[in-house]
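Undergrad: Take this structure first; my questions come after.
The values are calculated or read from the model by the stated rules, or taken from the named source; none is laboratory data. It should be emphasised that the depicted structure is a prediction, and the values quoted were computed from it without experimental measurement. Ideal geometry is used to build each Cβ from the backbone, glycine not excepted, and the neighbour counts take in all protein chains shown. Areas reflect the complete protein model, heavy atoms only, side chains present, ligands, DNA and RNA absent. Shrake-Rupley method; radii C 1.70, N 1.55, O 1.52, S 1.80 Å.
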Amino acid sequence: MTRSGAPRGGRTARRKPHILVLHGPNLNLLGTREPELYGRRTLAEIDAALRARARAAGAELEALQSNHEGVLIDRLHAARGQVDFILLNGAGLTHTSVALRDAVVASEIPTVEVHLSNVHQREDFRQTSLLSGVCVGIISGFGALSYVLALEAALDGLELRR
Ligand code: DQA
């Protein structure tokens, strides 16, 4: 840095791409909650694997789980202009929340919808996602691997996939 704070050599200091993972209600119980549907991996294990993959690709990854819709919406608002890609498992809110959908749109950040289970093999009320229409893509049905595949999609979108 020069004393004026500008980067030396005329190059713009470019921060690492920032990926945000948002997990909705009840996903804090992963590992013990309906493991036949959602697997035995804990959320901490999933997040650690995602963080390591993102770091290896040259990105920063932050994960947040909340059981409160407003917390997820507030985080999406704060992400505007700060985050480059979002992986979103809205959990039950996927099927009900106009407000979460609106916040994804307001964020203006490309978002991948993620589900551990194949929601289309399940109850009728899970066949509707209010999020799919505002996400760049959907990955559903691969357990913890769904998040990894979604991260690969994000890295591809950020041109970090090698
Ligand atoms: C889920 C599917 C939702 O229908 C459900 O409410 C969840 C988890 C999934 O990851 O498979 O909580 O999003």
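Undergrad: Quote the FRET efficiency, to the nearest 0.05, computed for Thr32 versus Ala78 with a Förster distance R0 of 25 Å and r equal to the Cβ-Cβ distance.
TA: E(calc), rounded to 0.05, equals 0.25.
Undergrad: Could you work out [θ]222 nm for the chain from helices alone, using -39500 (n - 2.57) per DSSP H run of at least four and dividing by all its residues? Round to the nearest 500 deg cm²/dmol.
TA: Using -39500 (n - 2.57) per qualifying helix, the result is -10000 deg cm²/dmol.
Undergrad: Near Ser117, within a Cβ-to-Cβ distance under 12 Å, what is the net charge of the other residues, with Lys and Arg +1 and Asp and Glu -1?
TA: Its environment carries a net charge of 0.
Undergrad: If amide hydrogens are placed 1.01 Å from N in the peptide plane, which non-local residues have theirs closer than 5 Å to the one on Val21?
TA: Glu62, Ala63, Leu64, Leu87
Undergrad: Right, another one. I'd like to check one number: the per residue accessible area of segment 18-157, probe 1.4 Å, reported in Å² as a whole number.
TA: With the other protein chains kept in place, segment 18-157 gives 45 Å² per residue.
Undergrad: Taking segment 75-158, which trypsin sites (Lys or Arg not before Pro) meet the DSSP loop condition and have no more than 14 other C-beta atoms within 10 Å?
TA: Answer by residue number: Arg80, Arg122.
Undergrad: Kirkwood Rh, the chain, all Cα pairs: how many Å?
TA: Mean inverse Cα-Cα distance, inverted, gives 16.4 Å.
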